[in-house]
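Notes follow once the structure below has been shown.
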């Protein structure tokens, strides 16, 4: 028993030394956000209060993403995204990396935004191209994912 405990302690110390000896640039690279990411959210349930309601929130060390819905007569009529409590600046000319990211995440290529964003599930696509972060909101309407909005944050 003591031999196992001692071996485990030596192994843990060796792993700690290897990590501590890693170059600073390697640790800095590990802290970069992914180039392409997708976060899924549930839609607001029926009967929720009137006005603007939060459908979901995702928080990481890189920021906070909220999906909110405008509710009238107990039903969500339109969803939108905020990043760090601000709506993304609208983006109409999306780079090719956004289409590639959407394809990787099995979402349709972004095109014209829907006039109303409603559905049973929601997904936020995040693509980092150069120095910009593109945020694209999709809603599942029946069996089809529809792009609702695209912007930069």
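Derivation of every value follows stated rules applied to the coordinates shown; laboratory data play no part. In this text the structure is predicted, and so the values were computed from the model without any measurement. Reconstructed Cβ throughout: ideal geometry from the backbone, glycine too, with neighbour counts over all protein chains shown.
Specify which of the listed residues (98, 116) is under 20 Å from residue 54 (Cα atoms) and either in contact (Cβ under 8 Å) with a residue 12 or more places away in the chain or within 14 Å of the chain's Cα centre (by Cα) (or both).
Of the residues listed, the single one that is under 20 Å from residue 54 (Cα atoms) and either in contact (Cβ under 8 Å) with a residue 12 or more places away in the chain or within 14 Å of the chain's Cα centre (by Cα) (or both) is 116.
Mind listing whichever residues of segment 107-129 are in contact with a helix residue (DSSP H, G or I) (Cβ under 9 Å, 6 or more places away or on another chain) and assigned to a loop (DSSP other than H, G, I, E, B)?
Residues satisfying the conditions are 107, 108, 109, 110.
Out of the strands (runs of 3 or more DSSP E) lying entirely within segment 37-83, which hold 3 or more residues that are touching a strand residue (DSSP E or B) at 6+ places or on another chain (Cβ under 6 Å) and free of Cβ contacts under 8 Å to residues at least 24 places away in the same chain?
The strands (runs of 3 or more DSSP E) meeting that bar are 51-60, 63-72.
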